[in-house]
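This report refers to the structure that appears directly beneath it.
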Amino acid sequence: MQPIHTRLDDNDAQDDEVLLDVKDVKTHFFTDEGVVKAVDGVNLSLKRGQTLCVVGESGCGKSVTARSILRIVPPPGEIVSGAINFRQRDGGTIDLATLNPKGREIRRIRGGEISMIFQEPMSSLSPVHTIGSQIIEAIQLHLPVSKGEARKQAVSMLDLVGIPRPGEQLDAYSFELSGGMRQRAMIAIALACEPQLLIADEPTTALDVTTQANILDLIRDLQQASGMSVLFITHDLGVVAEIADEVVVMYLGRDVESGDVDSIFHDPKHPYTRALLQSIPRYDSRQSRKLYSIKGTVPHPFDRPSGCPFHPRCDDFIAGTCNTIDPARQLISPGHSVRCLLYADANAGEQVPVNSAGTQDMDMSN
Ligand SMILES: Nc1ncnc2c1ncn2[C@@H]1O[C@H](COP(=O)(O)OP(=O)(O)O)[C@@H](O)[C@H]1O
Ligand SMILES: [Mg+2]
């Protein structure tokens with residue numbers, strides 16, 4: 001079978017290159033009831049070939065962040081500020097936040113350079129077209145190949161994602177496939193254009209554990225073969241431990257902590273990250289201990305707490321401070337930042353440089 005991605009040669013020089021740099025993005029929904037600040041200042045940076053996991057409880061703005069990058073936020077949602085710098089294949093950097101969401105430019109990037117897979121494959125697969133015709137269309141949209149050639153590539157794709165008898169399955173409709181096979185078909189379509197960036201929004205949440213493990217292996221294999229970057233959204237820290245290079249923990253529309261996977265798991269700083277980690281079962285724990293659960297629930301964005309948005313649920317709450325001061329991003333160690341007032345003074349000398357918009361300055365040109 002022909003490998004679909006063979007750009008390893010130019011990866012060497014670009015290993016450290018930032019592919020995606022999201023800076024202080026705010027995406028709000030202007031509803032009749034009021035403004036929902038679904039994403040309210042998120043920062044993340046993803047290097048070529050790496051996997052960045054975005055983690056947080058349901059409702060914290062993970063999907064809206066992903067949709068903001070692809071510019072598929074449904075109305076009345078709008079990106080109100082921030083930048084989404086993306087390094088294109090031709091080497092130029094483009095701020096996706098400035099593009100017309102219906103324009104040619106973003107449509108070329110969507111599917112051509114960035115693909116997305118969703119939690120529920122039925123929502124993105126067409127019920128009236130065969131799996132094969134959808135892959136062939138994706139291939140022909142971005143590669144100048146004949147229909148026959150595209151069909152051959154489509155068979156390879158289905159084979160690559162582990163669909164048995166790919167030649168026959170090409171003519172199947174999505175409703176004829178099992179959940180796991182449907183997910184694989186969606187991945188095949190997403191990868192057909194050889195994206196530089198794959199955004200996976202809880203792609204395995206609805207699947208059984210065996211299928212989930214297979215899909216994660218599959219994404220990893222494809223990534224190793226192609227040097228593709230993956231932005232993986234999940235609320236499952238077990239998955240994060242398995243696949244992440246870097247982690248961004250989100251709470252109420254913001255990055256509250258970010259760092260490499262070891263720092264996040266072995267040296268978590270934010271009380272929210274610590275609480276999330278304590279709430280997962282551990283296989284290595286000898287004593288059976290009671291699982292911790294974070295007190296309270298994520299407040300509705302209409303009722304955004306003052307000061308640090310996590311303070312009503314925080315075990316380390318400092319009265320008079322945490323409910324009044326909105327914590328800025330602060331560098332704890334190289335590559336590890338946190339928004340928490342517990343660290344406000346101790347590391348004052350190491351503050352993340354902030355620009356006038358209150359965001360960290362990140363250089364796309366490294
Ligand atoms: N179309 C919409 N209109 C109004 N509010 C929305 C819309 N989509 C999402 N939201 C709100 O934005 C917040 C973040 O949602 P989402 O990004 O889907 O969370 P997550 O993916 O982390 O579970 C939630 O409070 C949700 O209710
Ligand atoms: Mg979601």
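Given the criteria open to solvent by less than 10 Å² (accessible area, probe 1.4 Å) and either among the hydroxyl-bearing types (Ser, Thr, Tyr) or more than 10 Å from ligand 2 (Cβ to nearest atom) (or both), does residue 42 qualify?
yes
Of all residues being in contact with a helix residue (DSSP H, G or I) (Cβ under 7 Å, 6 or more places away or on another chain) and farther than 16 Å from residue 110 by Cβ in segment 80-95, which is most open to solvent (accessible area, probe 1.4 Å)? Just the residue, please.
Residue satisfying both the conditions and the ranking: 82.
For segment 155-175, which positions are surrounded by 12 or more Cβ atoms within 10 Å (Cβ to Cβ) and either part of a helix (DSSP H, G or I) or without any contact (Cβ under 8 Å) to a residue 12 or more places away in the chain (or both)?
Across segment 155-175, the qualifying residues are 155, 156, 157, 158, 159, 160, 166, 167, 168, 169, 174.
For segment 22-117, please list each of the strands (runs of 3 or more DSSP E) lying entirely inside it that holds at least 1 residues being modelled with pLDDT of 95 or more and within 16 Å of ligand 1 (Cβ to nearest atom).
34-47, 51-55, 77-87
List pairs: first in segment 241-253 and assigned to a helix (DSSP H, G or I), second of a type in the set (D, E, K, R), Cβ under 8 Å, 6+ apart or cross-chain?
That search, which allows pairs on different chains as well, returns 243/220.
How many residues are in contact (Cβ under 8 Å) with a residue 40 or more places away in the chain and not in a loop (DSSP other than H, G, I, E, B) when one looks only at segment 314-338?
Residues in segment 314-338 being in contact (Cβ under 8 Å) with a residue 40 or more places away in the chain and not in a loop (DSSP other than H, G, I, E, B): 5 in total.
Taking segment 196-218 only, how many residues are within 16 Å of ligand 1 (Cβ to nearest atom), in contact with a helix residue (DSSP H, G or I) (Cβ under 7 Å, 6 or more places away or on another chain) and of a type in the set (S, T, N, Q)?
So the answer is 1.
The values are calculated or read from the model by the stated rules, or taken from the named source; none is laboratory data. Being a predicted model, the structure only gives us computed values, none of them experimental. So basically every Cβ, Gly included, is an ideal-geometry build from the backbone, and we count neighbours across all protein chains shown. Ligands, DNA and RNA are excluded from the accessible area calculation, which covers all protein heavy atoms including side chains. Shrake-Rupley method; radii C 1.70, N 1.55, O 1.52, S 1.80 Å.
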